[in-house]
Each structure stands twice: as C-alpha cells, then as structure tokens.
Amino acid sequence: MSLRTVVLLSGTGTNFQAILDRRASGSLAIEPVGALSDRPGAPGLDRARRAGILAIAVSRGDFPDARSWWDGIAARLRALSPDVLVLAGFMRILPPGLCREYRGRVVNIHPALLPKYPGLDTYRRVLAAGDRWHGTTVHFVTDDLDAGPRIAQARISVGRGDDEDTLRARVQACEHVLYPRVLEWMSQGRLAMGARHAILDGSELTEPIVFEEGQLL
C-alpha cells in the first residue's frame with residue numbers, strides 16, 4: 001500500500017530527507033504529497049522542492065489568531081487527502097481537533113526515551129540527570145504532549161565524553177533509520193493505533209520495540 005503522506009516540519013528536515021532517501025531506494029512504499037511548515041524559510045521545504053514535492057508554508061503571522069491559523073493548516077491538509085501525517089521536527093503542538101480528525105494516522109519522532117523527557121531540551125536534561133541511556137521514540141500523536149502510544153525506540157549509551165552535540169548527532173543518526181522503518185510497517189499495513197497502545201502484526205505493544213544503537217547503524 002502506497003501511503004499518501006504529508007510531512008510537517010519546522011527546520012532542516014533531515015528526517016524528511018532520510019524518508020525520501022529510503023523511498024528512492026524502493027524499500028518504502030509511500031507517496032509524499034506535500035511538506036508543510038510553519039516557517040516559510042525552513043530548509044526542509046527546499047528539500048521538498050528539490051524532490052518535486054509540493055512545499056507549503058503557513059506562517060502564523062499571516063493569520064489574525066491561532067485558531068484561524070490552525071484552521072488554515074487543516075484546510076490545506078484536507079485538500080491533500082493524506083493517509084498519514086508525519087511530524088518531522090514540527091515545533092508546534094497539534095490542537096485536539098486535528099488530533100481527533102487524524103486519529104491513528106499521525107506519527108512523531110521525539111529525541112528521548114519516552115515517557116522520560118517529553119518536551120524540549122532533552123539532551124541537556126539527560127546530561128544534567130546523569131542518565132546512562134538516551135535515545136529516540138517514534139509514537140502515535142494524541143492531544144497529550146509526547147504521550148501517545150509508543151511504537152519503537154532506539155537506545156544509545158551516554159558516554160563520559162558525550163555532550164549535547166555528540167548526543168544529538170548519535171541520536172539523529174538512529175532516527176534516520178528508525179523513522180523510515182516505522183513508516184515501512186505502516187505502509188505494509190502491519191501497524192495501527194489501538195485504544196491504549198500501538199498494535200504491530202496484530203499484537204498490542206505494551207512497551208515499544210527497542211533497537212540498540214548498533215542494530216541500526
């Protein structure tokens with residue numbers, strides 16, 4: 001099944017590029033029909049244009065209030081009839097109405113081993129806490145911040161010499177493999193969102209599938 005996919009992003013779009021590269025290799029059956037950003041100058045939109053994908057900028061400053069801005073985003077999404085929304089560095093929290101409209105069809109990747117460290121500054125917080133492990137999580141999106149059913153995680157060990165930059169580089173390298181893999185499961189019809197947990201191959205995932213760093217790189 002080739003999923004009609006819209007990617008939402010705010011920045012450089014490296015996860016978006018990893019998804020495009022995986023698709024170009026023939027191993028990921030998705031049809032990217034648009035890339036949408038809240039930032040007109042986001043480099044991720046240039047990646048879409050280079051790939052011949054519709055690039056859409058919806059700036060908050062062009063609307064009188066947040067509600068009309070989100071209504072504008074929702075209208076643009078509906079026009080594209082996506083099967084799945086892929087959040088790839090989209091630095092906005094989806095409103096409850098949009099989460100309900102696309103329930104079970106929105107995925108996000110977050111640079112932490114959820115449920116630990118939802119929100120921002122995960123690398124700094126992990127180092128400050130002296131944690132032994134860090135990583136990234138792909139999860140379904142609900143109207144609870146970074147709290148939707150977890151699908152898969154990549155886990156890395158935190159070394160004595162690690163700082164925010166080295167952790168970010170290692171986590172992002174894992175993300176660029178993990179995210180396309182989860183989308184492949186979706187495109188194959190293997191993955192769905194249940195009432196409380198993700199469901200993979202008919203089995204409820206009370207815990208996410210965990211990959212160690214060496215299993216992905």
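Nothing in this text is a laboratory measurement; each read-out follows from the coordinates by a stated rule. Because the structure is predicted, anything quoted here is derived from the model rather than measured. All Cβ positions, glycine included, derive from the backbone under ideal geometry; neighbour counts span all protein chains shown.
Using the alpha-carbon positions of the chain, Rg (one decimal) and Dmax (whole number) come out as 16.7, 49 Å. For region 41-104, what class follows from the C-alpha gyration tensor (a ≥ b ≥ c being the square roots of its eigenvalues): rounded when a/c is under 1.5, otherwise prolate if a/b is larger than b/c, else oblate? In terms of gyration-tensor shape, oblate. Computed from the C-beta positions of residue 57 and residue 215, the FRET efficiency with R₀ = 35 Å rounds to 0.40. So the label point goes 7 Å from the Cα of residue 121 along Cα→C-beta, right? Which residues of region 167-207 then have their backbone N under 18 Å from it? Output list for this probe position: 167-168. With loop defined by DSSP as not H, G, I, E or B, and exposure as at most 11 other Cβ atoms within 10 Å, which is the longest segment of the chain clear of exposed trypsin sites (Lys or Arg not before Pro)? Counting only loop sites that pass the neighbour cut-off, the longest clear stretch is 1-131. Obtain the nm distance between the two label points defined at residue 71 and residue 133 by a simple spin-label model: each point lies 7 Å from its Cα along the Cα-to-C-beta direction. So the label points at residue 71 and residue 133 sit 4.6 nm apart. Charge dipole (Cα centre; +1 on Lys/Arg Cβ, -1 on Asp/Glu Cβ; no other charges) of region 1-109 amounts to roughly 120 debye. Along the axis of the charge dipole computed for region 126-209 (Cβ charges of +1 for Lys and Arg, -1 for Asp and Glu, origin at the Cα centre), the listed residues 209, 195, 128 are led at the positive end by 209. More than 20 Å apart: what percent of Cα pairs in region 15-78 qualify? Summing the P(r) tail past 20 Å for region 15-78 gives 35 percent. Can you compute the FRET efficiency between residue 49 and residue 144 using 1/(1 + (r/R0)^6), with r the Cβ-Cβ distance and R0 = 35 Å? Round to the nearest 0.05. The computed FRET efficiency comes out at 0.55. Positive-end ranking of 28, 68, 110 along the dipole of region 20-128, with charges on Cβ about the Cα centre, is headed by 110.
From its DSSP helices (H runs of at least four residues, each -39,500 (n - 2.57)), the chain gives a residue-normalised ellipticity at 222 nm of -10500 deg cm²/dmol.
Taking Cα centre as origin and charging only the Cβ of basic (Lys, Arg, +1) and acidic (Asp, Glu, -1) residues, the dipole magnitude of region 107-217 rounds to 140 debye.
Summing Cβ point charges (Lys, Arg +1; Asp, Glu -1) relative to the Cα centre of the chain gives a dipole of roughly 280 debye.
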